[in-house]
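Since the structure comes first, as structure tokens, the remarks are kept for the end.
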Amino acid sequence: MKEKIVKSNIYPVVTVRDGIVFPSAENVLVFGREKSILAVQEAMKGDKTVVLLMQKDNEIENPNPEEIYDIGVLASLDKVVPGEKKQINALVKGLQKVKIVKMTKTTPFYEAEIEVLKDTDNENEEILAIVKYISGQIKKAINLGKTIDFVFLMNILNIQSSLHFSHQVAMILDLRSDERQGLLAELDLKKRLEKEVEYVNKEIKVLEIEQNISSKTQKKFEKNMRDTFLREKMRTIEEELGDKENQEVNDYKKKIDQAHMPDNVKEKAIKELKKFAQMSPYNPEASYIRSYLDWLTDIPWNKASQDNIDLLLAEKILDEDHFGLKKVKERILEFLSVMKLEKMSEKFDKKGKKKSAKSKKSEEKTAKKDAQPSILCFVGPPGVGKTSLGRSIARALGREFVKISLGGIRDEAEIRGHRRTYVGSLPGRMIQGIKQAGVNNPVFMLDEIDKIGSDYRGDPSAALLEALDPEQNYAFSDHYLELPFDLSKVFFITTANILDTIPEALRDRLEIIHFAGYTEDEKFSIAKNYLIPKQSRTHFIPDKKAEISDSALELVVRRYTREAGVRELERQVATIFRKIARLIVEDKIGDKKKTINIDDIENFLGPAKYSAQMIEEQDTVGITTGLAWTQAGGDILFIEISTMPGKGNLTLTGNLGDVMKESCQAALTYIRARYKEFGIDKDFFSSTDIHVHVPEGAVPKDGPSAGVAIVTSMISALTNVPVKKDVAMTGEITLRGRVTEIGGLKEKVIAAHRARIKTVIIPEENKKDMVDIPDNVKKDVQFIFAKRIEDVLVNALLKSGISVKLKDSQPKKKISDKVKKTVK
């Protein structure tokens, strides 16, 4: 082939994955990538010449200049025809080796300045001998089964030039991309031929091994055919004899083979099956082994569902199923993001290159040591959506969902299973849940983990430690199976109402996510967007036959429910739709649409259950509104204090706990130490009895956060100064009058907002927790941050003549003159 005279040194560049065409050789190439098509089209406008360059990584779809080799081939395009899906087919002929001097254009296609490279064509006897040897080896490879295109073969056998011979041989060798590029970049003819000798010998060895394997496989196939024929014959004889016992053994063999068990499990199953095969069908132990084999073959040892980690879809599903819960949803989406990155890291390294099988194996060992998956624990009052959120996570992931309730479990065997020696023994609930799911990576919800008990049968929470510990659960041991099961792929979620009853060791393995109660606005939105459509479908109400007005729904939320969650609200909505269903059946509505207004609510639901008014209609002496946290969310708490002539006795009523009693003692001590500052008689503690009462005596109350409310009520009662009725407060008090931090702020503030409180006094140390308060609550409620008890008193008591001696002032000033530290 005559060398083409290079008229220009700037040509369009086409990157190829592995289809480089050597000089003096030709091949048909298909161009499908956008840049490649544009480069070919540009070349067709000129002298139909392009530069072919191989990319360093075949997996990259659009390589950068740094990801392309700089030595390639200048080639001409002949017989260019359009192909399928906008592709271009072309007969490409290699002309000369070239080197890229610089890229002159990168968009919309590559264009480069080139430099022509010359091979050293010093043909001699040694080179001719190598050429003759390679020709003989190629013929040998063809005899061993190598397939070579007839045109290439004829070109190799008829070429007179050793240089062109080396190029043609490079085209037919089975090489990796880097090896082919190495031959292209080698300009010394002798060295290139020596490399080709090495490659062709290597290929012949592979072909010889393949032929040997093929021969052995043929013999094995013939033996298997003979064995199959004999087995079929034996099965026919057994069927004729009615040998059902052997049939059952064979069925179990099939199940064991199809279960894809780990080697140690399969070995155990075969051992038990042999024992079963030798037993009499009347042996009682045969039924135990049969049950055991059923469990072993039904458990999904290696069957997993494919994760569909799409964050946009997951966010959409979470928003469809649950209103609000912004922080909780964010945490779940973060968790899913980490899972997606983990999946990506299994396939690609940090540079974006696909990992080899060898590197994957080495990293799997390290991954087992480094893996620290989080076990989520949803903590919050009943009815806020903890369990249903678990279902939404499973739906977002595309995984199976399994839920088991741990409430009231006291037997460790419920978690770990019973030994097979017991009659009626079964695996524990963990393995039962895995079998129920049918895959080994479900979303597994452990509900009510805070309600596990313990007795003489063991501690179930201790058995959960192994299942929930990422360092151990890859080899979870069930007493019934007596074999380790890998739980590391399971997405565990636990739920609880309170954390106090969860053992410390178990709590340490959980990542706590708190669920606060809903505000009235949130309840209204949930009822309108979720509960009403759901109950309408549940009660088969025809479309556009009935609706609940917004004002009526607000009344139901405010006067008929007072809970953290929405279960009671859903029951009230269900009651309304049951009444509507009856009206429809009795034909009392007719063809008109029934709209439920405020006037209909009392007829449907009866008198309001809760009053919208505060306990006092006006500012009252000795009564303070405190804030409390309960398992069902936040609540308001009234502290009542009365004084009477006596001998300084302190009476406490209202079912108070030890901590709350101590708060009363601390409050009294603080007031006695500063009686002058409050203008109280010196002998009040020896001539006045104080009665502290917290209403709803049937409800146990405890905790230190009522300290400031108790001090405020005492000072109000002793000085006869009323407390503002629309002010609520929370905070712990020290003997020096400092207001210290409390917990459960969000739930308490939501309770205050629900009770129409206008001002809430909280410890200054809790200012950091304001980020958790909903925006609509911040808008409606004024927050005052108190550092000392004086900050509370000046904002809670009405303007009065109480004198307070301040350290930086003249002997006496009025409380009303102090500067209010108010922060919205």
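Derivation of every value follows stated rules applied to the coordinates shown; laboratory data play no part. Predicted model, so just to flag it, every value in this text is computed and none were measured. So basically every Cβ, Gly included, is an ideal-geometry build from the backbone, and we count neighbours across all protein chains shown.
Quick notes on this structure:
- Computed label-point distance, nm, for sites ASP57 and SER525 using a 7 Å Cα→Cβ extension: 4.3 nm
- In a fully extended conformation the segment linking ASP149 and ASP619 would gain 159.0 nm over its present Cα-Cα distance, using 0.36 nm per residue.
- Net charge, LYS132 excluded, C-beta distance under 15 Å - Lys, Arg +1, Asp, Glu -1: -2
- For LYS266, the aspartates and glutamates whose Cα comes closer than 16 Å to its Cα, not counting residues fewer than 8 places off in the same chain, are ASP251, ASP257, ASP294, ASP298, GLU482, ASP486.
- Computed from the C-beta positions of ALA673 and LYS451 and an R0 of 35 Å, the FRET efficiency is 0.20 to the nearest 0.05.
- Residues of segment 70-96 with amide N under 18 Å of the 7 Å Cα→Cβ point at LYS45: 77
- Loop sites in segment 10-106: GluC sites (Glu not before Pro), DSSP, at most 16 other Cβ within 10 Å: GLU59, GLU61
- When the convex hull of its Cα atoms is viewed from all sides, the chain shows a mean projected area of 59.4 nm².
- Span-rule helices in the chain, defined as complete DSSP H runs reaching 20 Å or more along the axis (Cα) with Kyte mean at least -1.0: 125-143, 263-277, 284-298, 326-347, 567-585, 658-673
- Our estimate of slack between ARG290 and ASP188, defined as 0.36 nm per intervening residue step minus the Cα-Cα distance, is 29.5 nm.
- Whole-number percent relative contact order across segment 61-139, with pairs defined as alpha carbons under 8 Å at least 6 apart: 21 percent
- Computed E for LYS435/VAL206 - FRET, C-beta separation, R0 51 angstrom, nearest 0.05: 0.65
- Checking the cross-link pairs LYS701/LYS768; LYS85/LYS202; LYS205/LYS268; LYS489/LYS534; LYS534/LYS592; LYS79/LYS146 against a 31 Å limit on the alpha carbon distance flags LYS85/LYS202; LYS205/LYS268; LYS489/LYS534 as lying beyond it.
- Counting only Cα atoms, segment 112-154 measures 44, 32, 15 Å along its principal axes, largest extent leading.
- For the residue pairs LYS340/LYS746; LYS326/LYS609; LYS386/LYS451, the alpha carbons lie more than 24 Å apart in LYS340/LYS746; LYS326/LYS609.
- Loop chymotrypsin sites (Phe, Trp or Tyr not before Pro), segment 84-183, which have at most 10 other Cβ atoms in a 10 Å radius of their Cβ (DSSP): none
- Between LYS271 and PHE684, the modelled labels are 8.1 nm apart [label points 7 Å from Cα along Cα→Cβ].
- Point-to-point label distance, GLU504-ASN283, nm (Cα→Cβ direction, 7 Å offset): 5.1 nm
- Think of the chain as a dipole: +1 on every Lys or Arg Cβ, -1 on every Asp or Glu Cβ, centred on the Cα centre; then among ILE598, GLY458, LEU656, ILE598 lies furthest on the positive end.
- Loop chymotrypsin sites (Phe, Trp or Tyr not before Pro), segment 256-337, which have at most 12 other Cβ atoms in a 10 Å radius of their Cβ (DSSP): TYR282
- Distance from segment 86-125 to segment 545-612 (C-alpha centre basis), Å: 80 Å
- Using the Cβ-Cβ distance between THR228 and ILE142 with R0 = 35 Å, the FRET efficiency computed as 1/(1 + (r/R0)^6) comes to roughly 0.45.
- Subtracting the Cα-Cα distance of ARG571 and GLU330 from 0.36 nm times their residue separation leaves 83.8 nm of extension gain.
- Dipole orientation for the chain: of the candidates ASN124, PRO427, PHE685, PHE685 has the Cα lying most toward the positive pole (charges on Cβ; Lys, Arg +1; Asp, Glu -1).
- Partners for LYS86 among aspartates and glutamates (Cα-Cα distance below 14 Å; same-chain residues under 8 apart left out): GLU34
- The aspartates and glutamates whose alpha-carbon is closer than 12 Å to the alpha-carbon of LYS327, local same-chain residues fewer than 8 away aside, are ASP772.
- With contacts taken as Cα pairs under 8 Å and at least 6 residues apart, the chain reaches a relative contact order of 7 percent.
- Positive-end ranking of VAL749, MET279, ILE623 along the dipole of the chain, with charges on Cβ about the Cα centre, is headed by ILE623.
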